[in-house]
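**Q** The structure that follows is given in the form of structure tokens.
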Amino acid sequence: MEKNGNNHKLRVCVATCNRADYSKLAPIMFGIKAEPQFFELDVVVLGSHLIDDYGNTYRMIEQDDFDIHTRLHTIVRGEDEAAMVESVGLALVKLPDVLNRLKPDIMIVHGDRFDALALATSAALMNIRILHIEGGEVSGTIDDSIRHAITKLAHYHVCCTRSAEQHLIAMCEDHDRILLAGCPSYDKLLSAKNKDYMSVIRMWLGEDVKTRDYIVALQHPVTTDIKHSLKMFELTLDALISFNKRTLILFPNVDAGSKEMVRVMRKKGIEHHPNFRAVKHVPFDQFIQLVAHAGCMIGNSSCGVREVGAFGTPVINLGTRQTGRETGENVLHVRDADTQDKILHALQLQFGKQYPCSKIYGDGNAVPRILKFLKSINLKEPLQKKFCFPPVKDNISQDIDHILETQSALAVDLGGTNLRVAIVSMKGEIVKKYTQLNPKTYEDRLELILKMCVEAASEAVNVNCRILGVGIGGGIIHQHELIHGSSFCAAELGHIVVSLDGPECLCGSQGCIEAYASGIALQREAKKLHDEDLLLVEGMSVKKEEVVSAAHLIQAAKLGNSKADSILRTAGTALGLGVVNILHTMNPSLVILSGVLASHYVNAVKDVINQQALSSVKTVDVVVSNLADPALLGAASLVLDYTTRRIY
């Protein structure tokens with residue numbers, strides 16, 4: 001408890017509304033109960049748990065030896081749209097008193113039911129932290145909207161799949177408050193199949209039933225299209241009757257339309273049909289055994305597309321209620337049907353098959369992850385949740401300090417001869433520039449760069465510039481993003497090798513572009529010519545104390561020195577070959593040469609492109625930058641563009 005800054009046990013309220021959500025919440029409840037040194041558990045039961053027609057499923061909570069703190073009768077009977085709304089309202093009326101008495105630190109809410117929406121709404125308005133289980137998933141009906149509404153109310157999220165995690169992030173939820181744990185029910189599913197199952201099968205389906213020779217059916221109303229879902233249910237029953245296999249059929253949930261579905265069952269005599277066993281509820285432990293060894297499961301329950309995949313049992317998913325759910329290869333979808341024939345054909349295809357077991361929704365270790373996540377919650381953090389929205393148009397309100405400051409960037413140019421650092425304003429103006437000779441060793445260079453950046457940042461305060469970031473010249477930009485590479489060394493374009501036996505480069509290799517075309521390389525060649533008295537021509541002179549540089553080589557070439565001109569042509573050719581390699585790799589729309597040597601190289605580069613490049617890239621424009629300090633301005637633009645752009 002010291003890790004999260006809490007000085008007392010975390011008081012956790014788990015509220016369960018129906019048999020389905022209890023199957024997901026129970027493993028977490030057992031885990032919480034097993035660690036009393038960290039947690040206090042309060043259990044609230046409401047919804048269809050307390051209705052006889054739906055099996056009085058609160059009893060299985062008692063059988064699991066959990067103390068139920070509060071029972072809330074919140075279901076308004078009627079099983080139509082109005083009854084669902086009234087049930088939410090009734091829960092909202094009753095929950096505040098319960099939460100006031102319990103005063104939990106956090107409430108755990110599961111899924112996408114209308115009861116859960118009432119729970120989340122009550123907790124959020126009463127400043128109680130909410131942990132939402134199974135957010136970010138996609139399915140059909142009104143459940144999608146309810147699930148995402150609960151996500152917006154919840155402070156913490158436990159999701160089951162990588163896709164669900166990405167959906168939550170896309171919904172602007174804080175990544176630090178999202179846990180990809182897997183489905184808690186899988187912790188029990190993956191260890192359950194080897195238990196004694198024949199007694200369970202015989203108890204629910206009869207003594208004469210064999211494994212893989214019966215069907216489990218579970219179908220609920222689709223609240224956004226009740227009429228169509230009733231038609232699908234009627235066709236499903238007709239197909240099951242025709243298929244003539246022993247079938248365990250569970251009554252639908254309490255959603256709008258369920259009463260009409262029960263009428264359809266009774267109209268067709270399902271409760272008295274010799275092939276059918278119609279039941280209100282099956283304990284989850286036994287239900288696992290039944291679906292694990294069934295010949296097929298049919299219906300539109302999320303259990304079919306989620307939990308049953310763990311056993312490889314064939315599933316026929318009917319209608320739109322689970323549209324968008326991630327499924328394994330064991331699921332065959334029947335989206336729509338006008339007659340029973342399509343459903344009957346699906347039964348013939350699926351019944352008795354055995355598919356590979358799927359672990360899309362979990363690996364059996366969800367509960368330990370969830371408990372660790374709960375322990376990490378810091379109750380001293382602000383309760384107000386924050387959304388991670390993408391940047392949008394700036395707020396029109398202003399701050400006087402920002403008005404008076406000049407938004408700027410520190411630009412760094414790692415030249416071969418000189419290191420340069422500059423403060424560059426948003427308008428592209430160089431406010432101040434620092435230049436130092438480039439040291440010979442890597443360590444000295446790094447030390448000098450840091451020293452120059454610190455000096456420039458300090459000066460920025462004096463000239464009222466607000467540094468938004470530091471940009472380093474050189475690199476490949478794709479869709480406004482600098483490509484870093486796996487070790488942050490991408491785009492060392494100067495070290496493209498253009499000759500296997502070329503001059504030695506400062507990097508230790510041979511034949512790099514820099515070994516031919518950089519200022520240092522040209523200076524080296526100029527010194528060689530000067531030492532051999534082959535540099536100076538008529539109209540040139542070099543003072544005794546003057547350092548021979550690339551500028552002298554260029555001057556000599558202009559005055560007719562054929563050897564100097566040959567060196568420049570070779571350098572231009574090397575650069576051109578490097579550009580051709582880049583054209584073939586990146587296929588850019590424009591090549592811009594910058595720096596004092598650019599104008600001397602541009603024609604040679606164009607010639608090499610025409611001679612060596614593929615026809616698909618020969619048409620690229622090659623131009624010379626007319627900017628005074630293009631490397632510094634380019635580096636600054638990386639920062640200024642990134643920190644001020646509106647579209648990502």
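The values are calculated or read from the model by the stated rules, or taken from the named source; none is laboratory data. Predicted, not measured: the structure shown is a model, and the values here were computed from it. Don't worry about glycine lacking a Cβ; one is built from the backbone with ideal geometry, like all the others, and counts go over all protein chains shown. Accessible surface areas use protein heavy atoms only, side chains included; no ligands, DNA or RNA. Shrake-Rupley method; radii C 1.70, N 1.55, O 1.52, S 1.80 Å.
**Q** Looking at (1) more than 30 Å from GLU86 (Cα to Cα); (2) touching a strand residue (DSSP E or B) at 6+ places or on another chain (Cβ under 9 Å); (3) touching a residue at least 40 places away in the same chain (Cβ under 8 Å), can you tell me which one GLY328 breaks?
**A** Failing condition for GLY328: (3).
**Q** OK, next. Exactly one condition in (1) more than 25 Å from ALA571 (Cβ to Cβ); (2) at pLDDT below 90; (3) assigned to a helix (DSSP H, G or I) is false for GLY494; which is it?
**A** Looking at each condition in turn, GLY494 falls short on (1).
**Q** Out of (1) open to solvent by 50 Å² or more (accessible area, probe 1.4 Å); (2) farther than 16 Å from THR313 by Cβ; (3) without any contact (Cβ under 8 Å) to a residue 40 or more places away in the chain, what's the single condition that is false for SER191?
**A** Answer for SER191: the failing condition is (3).
**Q** Identify, by number, the condition in (1) modelled with pLDDT under 85; (2) closer than 30 Å to GLN166 by Cβ; (3) surrounded by 10 or more Cβ atoms within 10 Å (Cβ to Cβ) that LYS386 doesn't meet.
**A** Condition not satisfied by LYS386: (1).
**Q** Scan region 563-575 and tell me whether some residue there is at pLDDT 85 or above and within 30 Å of VAL424 (Cα to Cα).
**A** Yes: one or more hits.
**Q** Right, here's the next one. State all residues of region 573-599 that are in contact with a helix residue (DSSP H, G or I) (Cβ under 6 Å, 6 or more places away or on another chain) and more than 19 Å from VAL498 (Cα to Cα); if no residue qualifies, say none.
**A** SER594 - this is the single residue of region 573-599 that is in contact with a helix residue (DSSP H, G or I) (Cβ under 6 Å, 6 or more places away or on another chain) and more than 19 Å from VAL498 (Cα to Cα).
**Q** Assess whether THR16 counts as being among the β-branched types (Val, Ile, Thr) and either open to solvent by 20 Å² or more (accessible area, probe 1.4 Å) or within 30 Å of LYS380 (Cβ to Cβ) (or both).
**A** The answer is yes for THR16.
**Q** Just checking, which of SER229, SER242 is of a type in the set (S, T, N, Q) and at pLDDT below 95?
**A** SER229
**Q** Just to be sure I understand the filter: pairs with C-beta atoms under 6 Å, separated by 6 or more residues or on different chains, first member in region 224-251 and more than 17 Å from THR339 (Cβ to Cβ), second member open to solvent by 40 Å² or more (accessible area, probe 1.4 Å). Which pairs pass?
**A** The qualifying pairs are THR224/ILE142; LEU248/TRP204; LEU248/ARG277; PHE251/LYS280.
**Q** Could you check region 418-478 for strands (runs of 3 or more DSSP E) lying wholly inside it with 3 or more residues that are touching a residue at least 60 places away in the same chain (Cβ under 8 Å), open to solvent by less than 70 Å² (accessible area, probe 1.4 Å) and in contact with a helix residue (DSSP H, G or I) (Cβ under 7 Å, 6 or more places away or on another chain)?
**A** 418-425, 465-472
**Q** Would you be able to say whether some residue in region 86-97 is open to solvent by 10 Å² or more (accessible area, probe 1.4 Å) and in contact with a Cys (Cβ under 9 Å, 6 or more places away or on another chain)?
**A** no
**Q** Hey, could you check region 495-505 for residues that are free of Cβ contacts under 8 Å to residues at least 40 places away in the same chain and surrounded by 12 or more Cβ atoms within 10 Å (Cβ to Cβ) and say which is farthest from the chain's Cα centre (by Cα)?
**A** Restricting to residues being free of Cβ contacts under 8 Å to residues at least 40 places away in the same chain and surrounded by 12 or more Cβ atoms within 10 Å (Cβ to Cβ), the top hit is PRO503.
**Q** Tell me the helices (runs of 4 or more DSSP H) entirely within region 56-161 that contain at least 2 residues that are small (Gly, Ala, Ser).
**A** Of the helices (runs of 4 or more DSSP H) lying wholly inside region 56-161, those with at least 2 residues that are small (Gly, Ala, Ser) span 81-102, 114-125, 143-153.
**Q** Does THR16 fit the bill of being more than 16 Å from ILE130 (Cβ to Cβ) and of a type in the set (Val, Ile, Thr)?
**A** No: the conditions fail for THR16.
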